[in-house]
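Worksheet for the structure shown next.
The values are calculated or read from the model by the stated rules, or taken from the named source; none is laboratory data. Note that the structure is a prediction, hence the values are computed from the model and not measured. Here Cβ is always computed from backbone atoms with ideal geometry, including for glycine, and neighbour counts include all displayed protein chains.
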Amino acid sequence: MDPIIVPKGLAGVIADESAICTADNETGKLLYRGYSATDLAEKATFEQAAYIVVYGHMPNEQELSGFSDFLIKNSDIDQNTESIMKLIPKHTELIDLMRSVVSLIPLDEAKTDKALLEIAAKMPRIASDGRNALSGTAVLGKAEGTYSERFYYLLTGNKDSEMAEHLEKLLILYMEHELNASTFALRVTASTLADPRAAMTTALATIKGPLHGGANDQILNYMLKMDSREEAIKLVDEKLARKEKIMGFGHRIYKNADPRAQFMKNELKVLSKLKHEEKLYDLAAAIEETVWDRKKLPANLDFYAALCMHLLGIDHAFYLPLFASARSFGWCAHYMEQVANNKLIRPDSKYIGPTGLRL
């Protein structure tokens, strides 16, 4: 077979078939199993959306109840895992702690789909208890309610169903995005027939990078330093003049508009009014307009997500763990799809190094 030369970064390359998700810049739609992701964020619960992504159809009442009960039953972590977290050095980043813990947690379920979901169900508690272990503070008590209500409590220590509903929309939009870097890395690991823990660990290691999931806190750093529209525009121009990347803008797929970002822009507008922080929305809109005017780069989901999480009272240390926790359900679906019709992912490379060297 003749070799196929592809672009660096695999841009534009179709590496496999998938029935899970598609992102289309032409139509401006992101579909989960055929459902619009933004429609799901507007109308579905997190549990419904997660079931659709993992199993491929809208659950009936019995399926949804069983799925929700499974997530609740498997949401806590055992005492040994808690003890391990306390031994991890305090300077460790939370996402690194989560990666290490996921690689070690004991799993009760033998079936692959249940083992994957058991890991996903534990992510919020691992993030919350991990942060407390690193800071030397007491873990929060039992989390109750829906997935988003439990997660909001574990992130903030507060029980607030209204704020949890806003968080739920973001979690759904973070849940899946076809062959992004962490998902592709997970599928490479799954293609070796490594177990779910190994594949999830791979994904958590990959999502950390600032070109994937690690840019949220950087967005907040520069957004909260501005006081006026003029200052926001000046900041953009100065960064562009220095040829610096403006975090929260640009996307490999979306060249005109990221539908998730536009959805969360509306959420930010609502939250900014609720929290009497309308200035934050105005500054964000000014930056978005300026970057588009200067560089034709659209805002991506991370830009508005970071600002919404700030208004929800979520500490910036949780931004990436929150993203990873939501995306873990997409990872479950991709692992299952990969092993169901598996072929080892092992591309070739074009050698450009020296030859004929002798000792």
Residues being in a helix (DSSP H, G or I), buried (at least 17 other Cβ atoms within 10 Å of the Cβ) and not basic (Lys, Arg) - total across region 237-261: 2
Filtered residue count, region 76-95, keeping only those that are among the hydroxyl-bearing types (Ser, Thr, Tyr) and over 23 Å from Arg150 (Cα atoms): 1
Scan of region 262-271 for residues that are over 30 Å from Gly9 (Cα atoms) and buried (at least 20 other Cβ atoms within 10 Å of the Cβ), ordered by number: Glu267, Leu268, Leu271
Test result for Lys234, exposed (fewer than 15 other Cβ atoms within 10 Å of the Cβ) and modelled with pLDDT under 85: no
Residue list for region 1-18, restricted to those being closer than 17 Å to Ile345 by Cβ and loosely packed, with under 10 Cβ neighbours inside 10 Å: Met1, Pro3, Ile4, Gly9, Ile14, Glu17
Within region 75-145, helices (runs of 4 or more DSSP H) holding 1 or more residues that are without any contact (Cβ under 8 Å) to a residue 24 or more places away in the chain and over 20 Å from Thr206 (Cβ atoms): 79-87, 112-135
Matching residues in region 193-231 - criterion: being polar (S, T, N, Q), modelled with pLDDT of 80 or more and part of a helix (DSSP H, G or I): Thr201, Thr202, Thr206
Residue list for region 297-314, filter: small (Gly, Ala, Ser) and assigned to a helix (DSSP H, G or I): Ala305, Ala306
Any hit, region 178-192, residues being surrounded by fewer than 17 Cβ atoms within 10 Å (Cβ to Cβ) and over 16 Å from the mean Cα position of the chain (by Cα): yes
Region 185-202 residues that are without any contact (Cβ under 8 Å) to a residue 40 or more places away in the chain, paired with ones that are part of a loop (DSSP other than H, G, I, E, B) and among the small types (Gly, Ala, Ser) (beta carbon under 7 Å, 6 or more apart): none
Region 245-273 residues that are under 16 Å from Lys29 (Cβ atoms), paired with ones that are polar (S, T, N, Q) (beta carbon under 6 Å, 6 or more apart): His251/Asn300; Ile253/Asn25; Tyr254/Asn25; Lys255/Asn25; Asp258/Asn300; Pro259/Thr38; Ala261/Asn300; Phe263/Thr38
In region 256-286, the residues that are more than 20 Å from the chain's Cα centre (by Cα) and not hydrophobic (A, V, I, L, M, F, W, C): Asn256, Lys269, Ser272, Lys273, Lys275, His276, Glu277, Glu278, Lys279, Tyr281, Asp282
Search result, residues across region 19-53 that are in a loop (DSSP other than H, G, I, E, B), surrounded by fewer than 16 Cβ atoms within 10 Å (Cβ to Cβ) and small (Gly, Ala, Ser): Ala19, Gly28, Gly34
